[in-house]
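I have placed the structure first, in the form of structure tokens, so that the comments after it can refer back to it.
The values are calculated or read from the model by the stated rules, or taken from the named source; none is laboratory data. If you're wondering where the values come from, they're calculated on a predicted model, not measured in any experiment. FYI the Cβ positions are ideal-geometry reconstructions off the backbone, even for glycines, and counts take in every protein chain you see.
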Amino acid sequence: MKISLLTANTSVDSKNVVYLTNKYNYKSLPLSEMELLFITDQIKNEDSLIEINQYGRKVFVHVNSNDEPNHKDYEKMRITGSSLHSKVQESKIAELVVVDLTLKKEMVLPLLEGLSLSNYQFIKYLKDSVKVQHHLKEIQVQSEVLDSNNIEELQAVCEGVKHARNLVNEPLSYLTAQQLGVEIKNLAVESGFCVEVFEKAKIQSLKMGGLLAVNKGSIDEPTFSILEWKPENAKNTKPLIFVGKGIVYDTGGLSLKPTKDSMDLMKSDMGGAASVVGALYAIAKAKLPVHVIGLIPATDNRPGGNAYVPGDIIKMYNGMYVEVLNTDAEGRLILADALSYAKQYNPEFVVDLATLTGAAAVAIGKYGLVAMGNEQSETKMSQLKRSGDMTYERLVEFPFWEEYGDLIKSDIADLKNIGGRDGGAITAGKFLEHFTDYPWVHIDIAGPAFLGASDSYRGKGGTGVGVRLIYDFVKNYQS
């Protein structure tokens with residue numbers, strides 16, 4: 001969907017239009033007296049999105065009543081954008097003009113974001129896709145406070161989210177670890193970041209024992225993708241690194257998952273990888289002046305062939321030995337190798353994103369992301385939380401006390417790959433901590449990464465959660 005600016009003197013009298021107004025100026029809209037009275041009545045009924053049918057066209061009006069909006073109001077505007085999309089779809093509108101009379105970027109941009117993200121569809125495998133395809137193709141914006149840079153940035157972020165959603169929604173029959181590398185290369189060409197994809201021989205030469213162990217049960221080879229955006233005007237001397245869990249499908253391995261409500265959703269277990277790819281796409285497309293690296297270890301986790309088994313001991317990339325007690329705790333094994341690999345870049349800060357534990361989803365549901373980090377990351381965690389509030393991809397910081405580390409001590413190896421039921425999301429993070437020696441935050445996105453029912457502009461299926469969070473964090477990054 002295309003979004004573009006419309007000059008101030010362009011008439012919109014004959015176009016389908018939405019007016020973004022406030023309680024002070026809505027009565028100045030170019031509408032009839034009866035229509036303005038209708039709007040006043042609807043405002044009294046607390047209707048936030050008012051529709052007027054002029055037969056030749058549709059007019060929508062949103063009246064903002066908040067003089068000093070905050071991040072909660074921005075989210076309300078995204079939701080309003082989603083509601084607007086439903087009305088536009090119902091009316092089969094292909095082109096829509098958004099007229100901003102609020103003179104507030106922070107109000108119009110979230111509405112456009114919600115409208116654009118609501119227009120996403122994954123209908124690649126529908127034979128009669130034309131019948132269900134959304135009608136909206138173009139949005140034109142008339143605003144005194146927006147410029148072309150704002151629109152281009154908005155489009156970059158929304159496209160990044162949509163690419164992440166596509167990756168999550170693709171089935172394993174298409175998106176193997178090898179194909180994920182191909183998709184990343186294609187997005188690199190489109191947006192401008194650089195990428196190198198390590199094949200199995202290279203991974204073996206690096207002795208990435210975690211990634212190789214998880215891959216042993218699969219007939220498809222693993223990959224390890226390195227994405228990099230390094231502009232000449234980068235304001236950081238050491239890179240920010242984002243690591244994404246790329247389990248393209250998770251059966252649980254020999255610790256086999258039940259099918260209902262578990263394995264049947266496991267094409268989404270690479271949601272962290274998708275988030276990192278989508279974020280790098282948006283960052284490069286918008287040409288943010290920050291040096292950023294993405295690391296994507298990728299494989300599926302199957303019980304076939306010479307699959308690793310409970311009781312195995314794995315030598316990891318950093319030389320540590322891990323006792324495997326559950327092959328369904330595989331994501332932390334591939335992330336650990338990537339986190340160890342990140343050390344060679346002498347990073348300023350590292351974040352990993354992963355659909356890592358059911359415990360995180362049970363704790364806070366789809367409403368936020370579970371986060372934890374080492375003591376070196378306190379300032380960065382605060383910055384991430386701010387970005388989480390601004391994008392409404394909110395972070396809930398879990399305790400990271402050293403006592404949790406006792407739960408993953410092994411009698412016969414340096415670590416075991418799983419603790420008990422208590423504090424499962426935290427012990428997973430504690431496992432990963434052993435592979436870091438830099439400021440680091442772990443973000444578990446298991447709750448909101450894939451939704452079984454539509455949730456406003458987040459949609460149904462893959463949500464692309466994490467893309468907007470990372471983008472906002474990088475855009476506003478402070479060393």
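Whenever a residue of the range 200-213 is over 15 Å from residue 324 (Cα atoms) and at pLDDT 95 or above, its partners that are charged (D, E, K, R) and buried (at least 18 other Cβ atoms within 10 Å of the Cβ), lying with C-beta atoms within less than 6 angstrom and at least six residues away or across chains, give the pairs 208/337.
For the range 170-180, the set of residues classified as in a helix (DSSP H, G or I) and either among the basic types (Lys, Arg) or crowded, with 22+ Cβ neighbours inside 10 Å (or both) consists of 177, 180, listed by residue number. Any idea which of 264, 300 is assigned by TED's automatic domain parsing to the domain that holds residue 463, free of Cβ contacts under 8 Å to residues at least 24 places away in the same chain and not in a loop (DSSP other than H, G, I, E, B)? 264 is the lone residue from the list that is assigned by TED's automatic domain parsing to the domain that holds residue 463, free of Cβ contacts under 8 Å to residues at least 24 places away in the same chain and not in a loop (DSSP other than H, G, I, E, B). Residues in the range 282-315 that are surrounded by 24 or more Cβ atoms within 10 Å (Cβ to Cβ) and out of contact with any strand residue (DSSP E or B) (no Cβ under 9 Å at 6 or more places or on another chain): 282 only. Residue under question is residue 338, and the condition is that it be farther than 23 Å from residue 214 by Cα, modelled with pLDDT of 95 or more and crowded, with 24+ Cβ neighbours inside 10 Å; does it hold? It is false that residue 338 is farther than 23 Å from residue 214 by Cα, modelled with pLDDT of 95 or more and crowded, with 24+ Cβ neighbours inside 10 Å.
When residue 333 is tested against (1) over 16 Å from residue 408 (Cβ atoms); (2) out of contact with any Leu (no Cβ under 6 Å at 6 or more places or on another chain); (3) buried (at least 24 other Cβ atoms within 10 Å of the Cβ), just one condition goes unmet, and that condition is (1).
Pairs only if they're at least six apart or on different chains, beta carbon under 8 angstrom, first in the range 48-76 and in contact (Cβ under 8 Å) with a residue 60 or more places away in the chain and under 24 Å from residue 458 (Cα atoms), second among the acidic types (Asp, Glu) and surrounded by fewer than 19 Cβ atoms within 10 Å (Cβ to Cβ); list them, first residue then second. Final answer for the pair search is 71/389; 74/106. When the range 39-64 is filtered for residues that are surrounded by 11 or more Cβ atoms within 10 Å (Cβ to Cβ) and part of a loop (DSSP other than H, G, I, E, B), the ones remaining, listed by number, are 47, 48, 49, 54, 57. Could you list all residues from the range 11-38 that are touching a strand residue (DSSP E or B) at 6+ places or on another chain (Cβ under 8 Å), within 23 Å of residue 85 (Cβ to Cβ) and assigned to a loop (DSSP other than H, G, I, E, B)? Those that are touching a strand residue (DSSP E or B) at 6+ places or on another chain (Cβ under 8 Å), within 23 Å of residue 85 (Cβ to Cβ) and assigned to a loop (DSSP other than H, G, I, E, B): 12, 15, 16, 29, 31.
Of the listed requirements (1) of a type outside the set (D, E, K, R); (2) more than 30 Å from residue 300 (Cα to Cα); (3) in contact with a Pro (Cβ under 6 Å, 6 or more places away or on another chain), residue 177 misses just one: (2). Checking each residue of the range 272-292 against the condition of being part of a strand (DSSP E or B) and within 24 Å of the chain's Cα centre (by Cα) gives at least one match. Contact map, the range 421-439: residues that are without any contact (Cβ under 8 Å) to a residue 60 or more places away in the chain paired with residues that are small (Gly, Ala, Ser) and in a loop (DSSP other than H, G, I, E, B), Cβ distance under 6 Å, separation 6+ or inter-chain. Pairs shown: 427/419.
A single member of 139, 151, 123 is closer than 28 Å to residue 274 by Cα and assigned to a strand (DSSP E or B), and it is 139.
Of all residues in the range 347-363 being touching a residue at least 60 places away in the same chain (Cβ under 8 Å) and assigned to a helix (DSSP H, G or I), which is nearest to residue 236 (Cα to Cα)?
Step by step, filter the range 347-363, then rank; the result is 360.
Here the range 109-157 is the region considered, the condition is being acidic (Asp, Glu) and closer than 18 Å to residue 475 by Cβ, and the residue that is surrounded by the most Cβ atoms within 10 Å (Cβ to Cβ) is 113.
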